[in-house]
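> My structure is below; once you've seen it, I'll send some questions.
Any read-out appearing in this document is the output of simple, stated calculations on the displayed coordinates, not a laboratory observation. Predicted, not measured: the structure shown is a model, and the values here were computed from it. Positions of Cβ are generated from backbone atoms using ideal geometry, with glycine treated the same way; all protein chains shown enter the neighbour counts.
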Ligand code: NDP
């Protein structure tokens with residue numbers, strides 16, 4: 001990367017020097033900095049007040065040991081993390097990821113993205129992220145509970161509804177949030193619902209939180225499609241993953257008249273020409289906690305593609321829209337070229353940083369509508385913000401009301417990104433729109449709050 005602006009260049013070099021080996025964090029910073037030449041030209045005060053340097057340094061990083069005992073009585077040790085990145089706009093807010101690949105650099109990349117994503121929602125939310133290298137796959141409920149209780153025994157010192165509000169992410173769903181919240185309640189002697197989001201509907205959760213990220217992804221993509229006179233109606237779609245975000249993205253695409261012809265998990269992809277049967281997918285992945293190959297095995301015309309990613313399905317079927325909803329760096333430059341060659345019209349990141357920088361460059365160069373994760377998947381955290389509002393006012397909203405608020409927020413994010421891209425001379429470039437709009441809101445608040 002060659003940086004035109006000297007402040008951007010020196011700050012990026014400093015990020016590399018201070019955070020050795022954290023390649024995902026470097027990638028996330030580089031992706032935001034890539035849009036900031038334009039901003040610093042207009043606002044030299046951000047450079048003068050060292051906003052770039054401050055924004056890349058988390059306010060606080062907590063790393064801790066998580067001891068627990070498995071069903072055989074063996075003591076297990078995992079590592080826990082919480083990175084409280086930026087609280088200029090509100091309490092730290094961001095999910096917890098339980099996955100064996102989680103390192104401090106992973107949490108920092110996610111926390112950094114979260115700062116700008118939360119700013120884009122327009123809600124009063126700072127940014128943070130956390131997690132552990134614990135793998136819930138193959139663990140019994142009892143083991144998951146004991147792990148969550150041990151994790152929260154340390155984490156509870158650092159969170160609170162006005163301090164830091166975690167939520168779910170990969171490997172952390174309602175079951176885990178329940179165990180975490182239960183232990184928090186026990187340790188603090190307080191029923192402080194707003195301390196964590198993603199709760200079950202009967203104990204303080206939002207009726208839309210499970211659906212929010214997937215639905216929001218599709219709402220944003222629909223707005224992008226509208227700018228080219230298209231919609232999901234009749235569109236053929238690929239969705240990667242088959243977890244929370246993927247499941248509800250598929251559901252909303254289907255409601256809007258599209259057909260999802262492929263989805264995946266980390267073992268391979270499924271091609272289902274008739275469209276994914278969501279009920280069966282839910283049964284296999286959520287209820288039985290099985291593999292995507294089990295889905296293909298029970299569906300007449302579906303085929304399991306062993307060990308390949310879902311983008312290969314574009315070799316078998318016509319595809320208009322691709323929604324990467326699994327994990328970071330799951331769609332590379334070669335996948336992007338493959339999709340472009342087969343005429344994909346829009347790509348929107350339901351996951352965090354699923355497209356490599358090479359893939360993003362291919363899409364932007366090919367004039368494909370490209371929605372970056374920090375805008376596209378912001379519906380999840382926005383609905384967490386709505387859950388916090390309900391908890392604070394001891395209120396419970398209906399499904400319809402919450403979905404209407406989510407749709408309104410996603411429309412607002414789309415308009416903010418589009419208007420900012422236009423203002424900075426890059427009409428239709430959602431990467432520039434999201435980075436600049438998110439960054440500016442945080443940077444202005446940081447300037448207002450002084451050097452803290
Ligand atoms: P889940 O754990 O519910 O699902 C993750 C899915 O991705 C699983 O189906 C998993 O398969 C699959 N997967 C993992 N690695 C790969 C891979 N290399 N190739 C293909 N599939 C893979 O997580 P979520 O749905 O909650 O999160 C997905 C993404 O969305 C993450 O990037 C997350 O940070 C982001 N996100 C989530 C939000 C939320 O509200 N949940 C909010 C905003 C962003 P397997 O079963 O084999 O592991």
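> With only alpha-carbon atoms counted, please give the Rg and Dmax of region 211-367, in Å.
Every Cα atom of region 211-367 included, Rg and Dmax give 14.1, 42 Å.
> If you don't mind, another one. Order the peptides 232-238, 364-370 from the highest to the lowest mean number of other Cβ atoms within 10 Å of their residues. Mind showing how you got there, number by number?
Details: 232-238: 20.1, 364-370: 16.4.
The peptides rank, most packed first, as 232-238, 364-370.
> Residue 201 versus residue 408, label points 7 Å from Cα toward the beta carbon: distance in nm?
So the label points at residue 201 and residue 408 sit 2.2 nm apart.
> Okay, moving on. Under a point spin-label approximation (7 Å from Cα along Cα-to-Cβ), what is the residue 79-residue 277 distance to one decimal in nm?
The two pseudo-label positions are separated by 4.4 nm.
> What distance in nm separates the simple spin-label points at residue 140 and residue 13, each placed 7 Å from Cα in the Cβ direction?
Distance between label points: 5.7 nm.
> Another question about this same structure. What FRET efficiency, computed as 1/(1 + (r/R0)^6) with R0 = 45 Å and r the Cβ-Cβ distance, is obtained for residue 188 and residue 226, rounded to the nearest 0.05?
Plugging the Cβ-Cβ distance into 1/(1 + (r/R0)^6) gives 0.45.
> So if we plug the beta-carbon distance of residue 70 and residue 30 into 1/(1 + (r/R0)^6) with R0 = 30 Å, what FRET efficiency do we get, rounded to 0.05? Walk me through the numbers on the way to the answer.
Details: r = 40 Å, r/R0 = 1.33.
Efficiency computed from Cβ-Cβ geometry: 0.15.
> Still on this structure, I have one more. Distance between the C-alpha centers of region 44-91 and region 275-336? Whole Å please.
33 Å
> Same structure, new question: Quote to one decimal, in nm, the extra length available between residue 401 and residue 316 on full extension: 0.36 nm per residue of separation minus the C-alpha distance between them.
26.6 nm
> Take the alpha-carbon centre of region 215-235, take the same for region 120-197, and report the distance between them in whole Å.
Centre-to-centre distance over Cα atoms comes out at 33 Å.
> Moving on to the next point. May I ask for the Rg/Rh ratio of the chain, computed from Cα atoms with Rh as the Kirkwood radius, given to two decimals? Mind dumping the intermediate values first?
Numbers: Rg = 21.0 Å, Rh = 22.1 Å.
Result: Rg/Rh = 0.95.
> Still on this structure, please answer the following. Which FRET efficiency value, to the nearest 0.05, is calculated for residue 53 and residue 162 with the Förster distance at 22 angstrom and r the Cβ-Cβ distance?
0.20
> Still on this structure, please answer the following. With n ≥ 4 as the cut-off for DSSP H runs, can you work out [θ] at 222 nm for the chain, using -39500 (n - 2.57) per run divided by the number of residues, rounded to the nearest 500?
Calculated from helices alone, the mean residue ellipticity at 222 nm is -14000 deg cm²/dmol.
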